Amino acid sequence: MANKQAILGAGARFSGKISNARSIEINGYVEADLTTEKVTIGSSGKFLGSVDSELVVIAGEYEGKMQADSVWLTETSRISGEVHYKSLQMDRGAALNCRVVHNWNEAETNNLDEKQENEEGAQEEQS
């Protein structure tokens, strides 16, 4: 994985599209759309844009729309925008000013809705 890792150092600025990186560590300023396995935004890092990733660890600033399996927000993180997640860990001190959405399984949700409708219909018929 080391050959597919990208690191943006503190003080660096990047704007554009990031592709073909399995893991990226951001300690500078980035405006981009990103799809990768793991994103780490360091305490001096700021990211603006969309992220689609399996794991996102944020100690700095994030603004945009995120789609992630697991998200870990450290005590110094500051988040705005929209976060869609399956697993969320938030340390005391993390700041969120965003829409937070749990990505539950759509098929399970549809099955639960149908089950509730069937139960309600059966109750009405018994009345």
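Which of Ile18, Ile24 comes first, and how do the rest follow, when ranked by fewest Cβ neighbours within 10 Å?
Least to most surrounded, the residues fall as Ile18, Ile24.
Reachable lysines from Lys17, Cα under 29 Å, same-chain residues fewer than 8 places away excluded?
Candidates past the 8-residue exclusion: Lys4, Lys38, Lys46, Lys65, Lys86.
How do the peptides 94-100, 48-54, 83-89, 71-77 rank, highest first, by the average count of neighbouring beta carbon atoms within 10 Å per residue? Intermediate results must be reported in sequence, preceding the final value.
Values: 94-100: 14.0, 48-54: 17.4, 83-89: 15.9, 71-77: 19.1.
Highest-to-lowest ranking by the protection proxy: 71-77, 48-54, 83-89, 94-100.
Which parts of region 20-56 would a label at Val101 reach, counting a residue when its backbone N lies under 16 Å from a point 7 Å out along Cα-to-Cβ?
Within reach of a label on Val101: 50-53.
Amide H neighbours of Gly64 under 5 Å, counting only residues 5+ apart in sequence or on other chains, H built in-plane at 1.01 Å?
Gly49, Ser80, Gly81, Glu82
Please work out the FRET efficiency for the pair Gln89 and Arg13, using the Cβ-Cβ distance as r and a Förster radius of 41 Å; give the result to the nearest 0.05.
That gives a FRET efficiency of 0.90.
Counting Lys +1, Arg +1, Asp -1, Glu -1, what net charge surrounds Lys46 among other residues with beta carbon under 13 Å of its beta carbon?
-1
Laboratory data are not the source of any read-out in this text; all were calculated from the coordinates shown. Computed from a predicted structure; not experimentally measured. Neighbour counts are summed over all protein chains in view; Cβ atoms, including those assigned to glycine, are modelled from backbone coordinates with ideal geometry.
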